[in-house]
Amino acid sequence: MGLSENIKRNISNIPGWRTSKKIVVIESDDWGSIRMSSIDSYHRLLKLGFPVNQSHYNKFDSLESNDDLSSLFELLTKFKDKNGKNPVITAVSIVGNPDFKKIFDADFKSYYYESFTETLKKYPNHDKVFSLYNEGIEKRLFVPVFHGREHLNVKRWMTDLQNGNKSVIQAFSEEVTGVTRGSNNEPLSDFQAAFDLDQPNDTLYLKEVLNEGLTLFNKLFGYKSEYFVPTNGPFNNTLEKVLQKNGVHYINTAKKQIEPLGNGQFKTNIRFLGKKNNLGQYYMTRNCFFEPSSYEHSIEKNWINDCLKEIEIAFRWNKPAIISSHRVNYIGNLVEKNRIQGLQKLEELIKKMLFKWPDIEFMTSVELGKEISEG
């Protein structure tokens, strides 16, 4: 972390809710979603000219397997904070994925989705994943919150399929949606940003997506999600009312939220931890980052040391350390070495933070939200 970056981090931690407690939250996005369907699909897309090797998400990320979750839980149970609580992953989760067969059978004229528990049945070594989710919830090691119905901008994706975009159809045939460039490096639309708008009236469809997704979340996990993290960030704030009606009290946001309005228009909103909107919901912002699988950054970057510095800055300003650490860092379904290395680095990070700050308290995002709203 350079000097100018260090100064920026300090300044950005000044506004907002404060606490004397040394709270650590680990937010991990994308659980339940598909990314790369198999190592064979990865190689076929690469052969077709898709630059999938240039994205660590396409190279390493896939629907979590039995081994991915059991290995993660094994690591988390090694540690306890001053209150005797384990580190806990707030699993920012997708509850559905495209039903590729039904969409294909409908000749791309209609969209269909399935719950992620149905998707699990199509993958080998995934038969225990949902029972591991329940174990994680029961033991407070892995607690899901809502990320979206699917990690997909449905209208944008279906439009390209219906228009016969060759690269999008080739990726579809491999049951892959999360590619930003197609054959021969062709630029593609951003399909991952589920709540982005192309037209202002797209909000009507997105209300349906939120209502169905939050209902399915409740059905799968037996509780309402009180926290929401929009996929990839873009989110039109008129939809906050739909979240409120479904029991969402806390919303993740960038400190500088770029709100899509449709027709290429955007509005910038300044947010800080604990800021309340006119519906009584609280905004929560991340201030630490731990993404060791990422190689879009310099190979020189030391994710452990940089994250520890960010935690130190957060505590300096009496802020909780809210760590962003995506699922991709702990997935070995495509490349086992990725999971092994990611977990080794997470273990080292937790060990070092507990040594440096023995009075740390591990919390979920919702537990922190309650500290903020009740404090």
Three-way shape label, the range 261-364, alpha-carbon gyration tensor, a/c 1.5: oblate
Cβ-Cβ FRET estimate between Glu312 and Ile270, R0 fixed at 30 Å, reported to 0.05: 0.75
Cα→Cβ-extended label distance, 7 Å offset, between Leu46 and Asp127, nm: 3.0 nm
Folded to 0 to 90 degrees: helix 202-221 orientation relative to the chain principal axis, Cα: 70 degrees
Neighbour-count ranking [beta-carbon atoms within 10 angstrom, fewest first] of Lys337, Lys245: Lys337, Lys245
Nearest 10 degrees, 0 to 90: helix 336-356 Cα axis against the chain principal axis: 20 degrees
On Cα atoms only, tilt of 129-138 relative to the major axis of the chain in degrees: 20 degrees
Spacing of the two label points (7 Å from each Cα toward its C-beta) at Glu212 and Lys21, in nm: 3.8 nm
DSSP bridge orientation in the range 5-152 - percent antiparallel, rounded to nearest 5: 20 percent
Note, ³J(HN,Hα) from phi for the range 58-67, Karplus 6.51, -1.76, 1.60, rounded to Hz, x at Gly and Pro: 6, 7, 10, 8, 7, 4, 4, 9, 3, 5
Options [x] 32, 24, 21; [y] 38, 21, 20; [z] 29, 24, 22 - which one matches semi-axes √(5λ) of the Cα gyration tensor in Å as calculated here: [x]
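Suppose R0 equals 45 Å. What FRET efficiency, 1/(1 + (r/R0)^6) with r the Cβ-Cβ distance, do Glu348 and Asp107 give to the nearest 0.05? If you can, show how the numbers build up before the last one.
Details: r = 51 Å, r/R0 = 1.14.
With a Förster radius of 45 Å, E is 0.30.
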Estimated dipole of the chain in Debye, rounded to 20 [Cβ of Lys and Arg +1, of Asp and Glu -1, Cα centre]: 1100 debye
Percent of beta bridges antiparallel (DSSP, the range 3-374, rounded to nearest 5): 30 percent
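Are any of the pairs Lys101/Lys128; Lys47/Lys166; Lys139/Lys352; Lys319/Lys370; Lys276/Lys319 more than 19 Å apart by Cα-Cα distance, and if so, which?
Beyond 19 Å between Cα atoms: Lys101/Lys128; Lys139/Lys352.
Here, each number is a calculation from the coordinates, and none is a lab measurement. Because the structure is predicted, anything quoted here is derived from the model rather than measured. Glycine gets a Cβ as well: all are built from the backbone with ideal geometry, and neighbour counts include every protein chain shown.
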